[in-house]
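All remarks here apply to the structure that follows.
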Ligand code: ZN
């Protein structure tokens, strides 16, 4: 009886022990498994949230880009007049040259060259700008970006067919992309150069940096990008007269006219910065008056940029 009792007790203990061991093993397996599943779930959720954040960030970046485009030149304008190596031709030279003869201004003997330059096109305003230039038989320079719609294709062709200079202004005009690295800049440049060649047959060798060569947005030393252009036989052009049509706030046609005309006398070669963009209607409105006023100046011609143009540059390679 006692033996039986003892034996039963032992069996019960063994059973209990077995149960404890089984439970421990189960717990040892299930807990890490559940933890792993939980982690996988959390990881997936975090990744989804990160992706959503990335999309939001990209959108934000894009809107900042477009915002920066509208005020693009506000920053660099400051540099135009403060940088010591901006090429400024003293008015004295102009007067001396005038005293030496040259009464009738032709492209060969003109004392002063005025370059009308339009950035950021083509746009819905390009045909209007081209019509005005044609009306006055004046040639300008267009620093264009890459656009593949039908109207833009037509505008590139008109620019070339009507004798204007087709310059480049980056394909994307997205600062964070083109100024991210020399490679990114090079790729964007090649894209635009080849696209323009395919569209118009012109291999453009003229460039205007978005924001100018003195922009503060580039993560690459601008001298490296300038050297890159030089290696490809591409000349870059800044400006010495700002029409003011790039500023964020509205500027009237009269304001643009005043900005353009009041400073021409300071320069032997005046390079006027204007914008060819859908929202810049006052630029189109001011253009006829600007052209008329320039044509009335003595010994002054309006010419498109070419290989003989002495470039106005805010940065030198040295
Ligand atoms: Zn631009």
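Among 309, 46, 165, sorting on how many other beta-carbon atoms sit within 10 Å of each Cβ, with the fewest leading, yields 46, 309, 165. If you plug the beta carbon distance of residue 190 and residue 28 into 1/(1 + (r/R0)^6) with R0 = 51 Å, you get a FRET efficiency near 0.25.
Remark: 143, 237 ranked as 237, 143, counting other beta-carbon atoms within 10 Å and listing the fewest first.
Overall shape: oblate for region 263-318, with the ratio a/c of the largest to smallest alpha carbon gyration tensor axis at 1.5 or above and b/c at least equal to a/b. With neighbour counts taken as other beta-carbon atoms within 10 Å, the residues 41, 142, 209 rank, fewest first, as 41, 209, 142. For region 189-302, rounded, prolate or oblate, judged on the Cα gyration tensor with a ≥ b ≥ c (square roots of eigenvalues), a/c < 1.5 rounded, else prolate if a/b > b/c? Since a/c reaches 1.5 and a/b is larger than b/c, the shape of region 189-302 is classed as prolate. Based on the alpha-carbon gyration tensor of region 123-163 and its eigenvalue square roots a ≥ b ≥ c, which shape applies: rounded if a/c is under 1.5, prolate if not and a/b is larger than b/c, or oblate? Verdict is prolate for region 123-163. The base-10 log of I(q)/I(0) for region 145-229, evaluated at q = 0.12, 0.13 Å⁻¹, reads -0.35, -0.41 [Debye formula, identical scatterers on Cα atoms, solvent excluded].
FYI, it's all coordinate maths here, none of it is from the lab. It should be emphasised that the depicted structure is a prediction, and the values quoted were computed from it without experimental measurement. Cβ: placed from backbone, ideal geometry, glycine included. Neighbour counts: every protein chain shown.
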